[in-house]
Amino acid sequence: MEKGKSNNKKNKSSSSTAMTVDQFVSTMAPLLDLEKEAEISLSMSSAETRSLDSAQKKGSTILNLKCADIQTGLMGKTLMELQSNKGDILPPHKFGTHDVVVLKPNKADLGSPALGQGVVYRLKDSSITVAFDDVPEEGLNNPLRLEKLANEVTYRRMKDTLIQLSKGVLKGPASDLVPVLFGERPPTMSKKDVNFTPFNRNLDHSQKDAISKALSSKNVFLLHGPPGTGKTTTVVEIILQEAKRGSKILACAASNIAVDNIVERLVPHRVKLVRLGHPARMLPQVLDSALDAQVLRGDNSALANDIRKEMKTLNGKLLKAKDRNAKRDIRRELKSLSKEERKRQQLAVTDVLKNADVVLTTLTGALSKKLDGMSFDLVIIDEAAQALEIACWIALLKGSRCILAGDHLQLPPTIQSVEAEKKGLGKTLFERLADLYGDEITSMLTVQYRMHKLIMNWSSGELYDNKIEAHSSVASHMLYHLEDVKKTPSTESTLLLIDIAGCDMEEKKDEEDSTLNEGEAEVAIAHAKRLVESGVRASDIGLITPYAAQVVFLKKLKSNEEKLKEMEISTVDGFQGREKEAIIISMV
Ligand SMILES: Nc1ncnc2c1ncn2[C@@H]1O[C@H](COP(=O)(O)OP(=O)(O)OP(=O)(O)O)[C@@H](O)[C@H]1O
C-alpha cells in the first residue's frame with residue numbers, strides 16, 4: 001500500500017465526508033420518504049394508476065393469467081405457477097423474484113380484496129411462480145391478475161433504524177463502533193500481524209494479506225474487491241477464521257442471492273450456521289440451513305408438537321363433557337397448554353439462533369424480531385457498496401466490529417427517486433469510509449479470475465491504478481479454448497465491437513419512456529446465433545443491456561430462436577456479480 005496516498009486521501013476527505021450521526025439522520029429521513037413515494041408510485045397501489053391497462057403498461061400488474069399448477073413444498077408453502085391466457089410469453093413486466101405480490105380476479109376493481117398474498121418464487125419468460133402461505137381457495141378457475149406491492153416493510157425497518165440511531169447508541173453492542181464510523185474516533189488495528197492457517201488452500205497473496213488485515217482490525221475493515229477478484233471467496237475465509245476464533249458472526253448482504261452464495265460456500269465446512277428469511281427467497285440448495293427447517297428439527301419443536309396433540313385430545317373431551325366443573329378444568333388446562341406451546345415454539349427459534357456461530361440474513365432481514373436482544377462479535381456485510389447506508393445500519397447496530405466487502409467503483413445501489421439520489425441517498429457507507437480512512441482500513445484484492453487480460457486492462461487502468469493482474473487460468477483464455485468450440489471469426493476475438501451507426505437502425509422510446517433499438521437487438525441476437533453455431537453453449541452466453549425496453553424486445557426475438565433458449569438476457573444491473581463465458585452488450 002502507498003502510505004503517502006493513504007494519508008492524502010484521509011486528509012482530503014475527513015473534511016468533505018465526515019458527518020455526525022445527527023447530520024446523517026436528519027439528511028436521510030426525508031430522502032427515505034422520497035424514495036418510498038417513488039417506489040409506491042411505481043407499484044400498483046399508486047393513485048395515478050387509474051386503469052388496469054395502464055397498470056399493465058407500467059409493468060406493475062400482469063393481467064389475464066391462469067393457474068397452471070399448484071404444489072405444496074418449501075416448508076408448508078403453496079407454490080402456484082401462473083401462465084398467460086393469451087400466449088406463450090408473459091407480457092413485459094417489472095416483477096422480480098422475491099417481490100411481494102397479490103393475486104386477484106382478473107377484472108376485479110382496483111381496490112378489491114386479494115385472493116392471496118405471496119412472494120415471487122420463480123420467473124420464466126412464460127410463467128411466474130408465487131409462494132403463498134395459504135392456498136387461495138376460490139376463484140382459481142377464472143382469469144387472474146397479479147399486482148406488485150410496494151415494499152413498505154423495508155422502509156419502516158429503515159426508518160426504525162434511523163430512530164434508533166438518533167436516540168443515541170451509547171449503550172448496546174455498537175456503542176464503540178458508531179463513533180469510529182462517523183469519524184469521531186480513529187479506527188484501530190491490533191499491533192501484531194495475525195497469522196492463520198487457511199481453510200482454502202488456493203488463496204492468493206492479496207487475499208491472504210486482506211484476511212490477515214481483516215482479522216487484526218478492531219472495529220472496521222474494508223475489503224475492496226474489483227470484479228472477479230474473489231471477494232466472496234475471501235469473505236467466506238474470514239468467516240471461517242473468525243468462527244474458529246470463537247466469534248459470533250452476523251453475515252449479511254443486500255440481496256438474498258448474495259447471502260445464499262455465502263451460505264452455500266460455508267456449508268461444506270460444517271460451521272454452525274443458520275440462514276434467516278423467507279424460504280421462498282432462498283436458493284433450494286440452502287433450504288436445509290434455513291431457520292424454519294432447523295426449528296422443525298429441534299427438541300422444543302417436538303415438544304410443541306406433542307403439546308398440540310394433547311390439546312387436540314382435550315378439545316375432543318371438551319366437546320363431550322357435560323359437567324360444568326369438568327369443562328372449566330379442561331379449559332384451564334387448554335389455556336396453560338397453549339401458553340406452554342407458544343413458549344416452546346419461541347424457545348425452538350432461540351435455541352437455533354443461540355447455537356449458531358454464524359447467522360446469515362439480508363440487511364433488511366436483520367431487523368427481524370427474532371434477533372432482538374442478540375449481539376454479535378462481528379458483523380460482515382458483503383456487497384456493501386450496493387447497499388444503502390441506512391440498510392447497513394440495521395445490521396451494524398447489533399455488533400461491536402464490522403467488515404464491509406464491496407467495490408464502490410462498480411454500480412451503486414439502485415435508487416428510484418431522482419431527487420433522493422441527487423441529495424445523497426445513494427452514497428454508500430463503503431464509499432464514505434473509503435473516503436474517510438482510505439488505505440488505513442482497506443485492502444484491495446488484485447488478482448482476477450474472470451476475464452482475459454485484454455478485457456481487464458481497461459478497467460484496471462481506468463479505475464484501479466493498473467494494479468489488477470489476470471490469473472494465469474484466465475489471462476489468455478479464448479472462447480475457442482472451450483470444449484467443442486470451433487475457431488471462427490466470432491470466437492477468435494477477445495473483444496468485438498459492432499458499429500451500427502449509419503445503418504438505419506434508429507432508437508425509439510416505449511410507453512414507459514425506456515429506450516430501445518430494434519435493429520441493434522437483431523444484430524445482437526444474430527451474433528449470439530453465430531456463437532452458438534461455432535459451438536458455444538447458449539447457457540454460456542449472457543446478453544445484457546442498460547434499458548428495460550431493450551430487454552423486453554431482445555426476449556421477444558429470443559423466443560423465436562430455439563437454439564438460444566438457454567441464453568440469459570438481463571439488464572446490466574441485474575447481471576452484476578454474475579459470470580458467463582461470453583457477454584454481449586447491447587448499448588442502445
Ligand atoms: N484464490 C483463488 N484461486 C482460484 N480461483 C479463485 C480464487 N479466488 C476466487 N476464485 C474464483 O474466482 C471467481 C470469482 O470469485 P468470487 O465469487 O469470490 O468473486 P467476487 O469478487 O465476489 O465476484 P464479484 O466480482 O462478482 O463480486 C470464482 O469462480 C472463484 O472460484
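We did not get these values from a lab; they are worked out from the coordinates using the rules stated. Everything quoted here is computed from the prediction, not taken from an experiment. No Cβ is skipped: glycine too gets one built from the backbone with ideal geometry, and neighbour counts run over all protein chains shown.
With charges set only on the Cβ (+1 for Lys and Arg, -1 for Asp and Glu), what does the dipole of the chain come to about its Cα centre, in debye to the nearest 20?
Details: 83 positive and 80 negative charges, 613 e Å.
That gives the chain a dipole magnitude of about 2940 debye.
Give the separation of the Cα centroids, segment 204-223 to segment 350-422, in Å.
First find each Cα centre; the distance between them is then 19 Å.
Please report the spacing between the Cα centers of segment 293-342 and segment 127-196 in Å, no decimals.
Their Cα centres are 36 Å away from one another.
For every other residue with a beta carbon closer than 13 angstrom to the beta carbon of VAL194, add +1 if it is Lys or Arg and -1 if Asp or Glu, then tell me the sum. Numbers along the way, then the final one.
Working: positive: LYS191, LYS192, LYS208, LYS213, LYS218, LYS244, ARG245; negative: ASP193, ASP209, GLU237, GLU242.
Value of the local net charge: +3.
Quick one: which of 556-562, 246-252 comes out on top by average Cβ neighbours within 10 Å, and what's the full order, highest first? All intermediate terms of the calculation are to be shown ahead of the outcome.
Values: 556-562: 14.6, 246-252: 21.3.
Put in order of decreasing packing, that is 246-252, 556-562.
Sort 83-94, 285-296, 192-203 by the packing proxy (mean of other Cβ within 10 Å over each peptide's residues), most packed first. Don't jump to the answer; show the numbers that get you there.
Numbers: 83-94: 15.8, 285-296: 18.7, 192-203: 11.6.
Result, highest mean Cβ count within 10 Å first: 285-296, 83-94, 192-203.
In whole Hz, what ³J(HN,Hα) sequence does segment 141-155 give by Karplus (6.51, -1.76, 1.60; θ = phi - 60°), x for Gly and Pro?
Listing the rounded values in order: 7, 9, x, 10, 9, 10, 10, 8, 9, 6, 7, 5, 4, 4, 5 Hz.
Could you work out the local net charge near ILE380, counting Lys and Arg as +1, Asp and Glu as -1, over the other residues with Cβ closer than 10 Å to its Cβ? Walk me through the numbers on the way to the answer.
Values: positive: ARG401; negative: GLU242, ASP382.
That sum, taken over residues with Cβ under 10 Å, equals -1.
For LYS487, list the lysines whose Cα falls under 29 Å from its own Cα; do not include residues on the same chain fewer than 8 positions away.
The qualifying lysines are LYS453, LYS529, LYS555, LYS558, LYS563, LYS565, LYS580.
I'd like the GluC sites (Glu not before Pro) in segment 97-170 restricted to DSSP loop residues with at most 15 other Cβ atoms within 10 Å, sorted by number.
Numbers: sites: GLU137, GLU138, GLU147, GLU152; in loops: GLU137, GLU138.
Answer by residue number: GLU137, GLU138.
Sort 428-440, 481-493, 384-396 by the packing proxy (mean of other Cβ within 10 Å over each peptide's residues), most packed first. It would help to have the intermediate numbers written out before the result.
Details: 428-440: 22.2, 481-493: 13.7, 384-396: 26.5.
Ranked from most to least packed, the peptides come out as 384-396, 428-440, 481-493.
Under 12 Å from the Cβ of THR78, count the other residues' Cβ atoms, weight Lys and Arg +1, Asp and Glu -1, and hand me the total.
Working: positive: LYS77; negative: ASP69, GLU81, ASP133, ASP134, GLU137.
Summing Lys and Arg as +1 and Asp and Glu as -1 gives -4.
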